[in-house]
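This report refers to the structure that appears directly beneath it.
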Amino acid sequence: MEFVRVLYASKATNIYPDLKQDLIKILDTAVDFNSRNEITGVLYYGHGYFVQCLEGRKSKIDELFYEKILKDDRHKN
């Protein structure tokens, strides 16, 4: 079983009054998915940018990163 660490930064597509609610939704979803898939990590948001570090089994990290994170239109680049 191969374990990996992914670190990325991206820019929020919009900064708007409901951003706080979106961040809470992201964290709620992430805590649920990550705990079920034995993924650990940290998410930082500040000044219009996200920085995230994820650790876990390569297959699960790849699934999360390529199928969910990269396709999420709340951030880019």
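The values are calculated or read from the model by the stated rules, or taken from the named source; none is laboratory data. As the structure is a prediction and not an experimental result, all values here were calculated from the model. Because the Cβ atoms are built from the backbone with ideal geometry, glycine has one as well, and the counts that use them run over all protein chains shown. The protein model used for the area step is the full one, side chains on, heavy atoms only, and it has no ligands, DNA or RNA in it. Shrake-Rupley method; radii C 1.70, N 1.55, O 1.52, S 1.80 Å.
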(Q) Taking the Cα of K11, stepping 7 Å toward and past its beta carbon, and measuring to each backbone N in region 36-77: which are under 18 Å? (A) 45-52, 70-77
Q.
Using 0.36 nm times the number of residues separating V51 and L19, minus their current alpha carbon distance, what extension gain do you get?
A. 9.9 nm
Q: Compute the accessible area per residue over the chain, keeping the other protein chains in place, probe 1.4 Å, unit Å².
A: 72 Å²
Q) Given Cα pairs under 8 Å that are at least 6 residues apart, what percent is the relative contact order of the chain? A) 49 percent
Q) So how exposed is D28, as accessible area in Å² (1.4 Å probe, rounded to 10)? A) 100 Å²
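Of all accessible surface on the chain at a 1.4 Å probe, what whole percent is carbon and sulfur? Let's see the in-between values first.
Details: 3020 of 5520 Å².
Percent of accessible area from carbon and sulfur atoms in the chain: 55.
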Q.
Angle check, please: helix 19-36 long axis (alpha carbons) against the longest principal axis of the chain (alpha carbons), in degrees 0 to 90, nearest 10.
A. 10 degrees
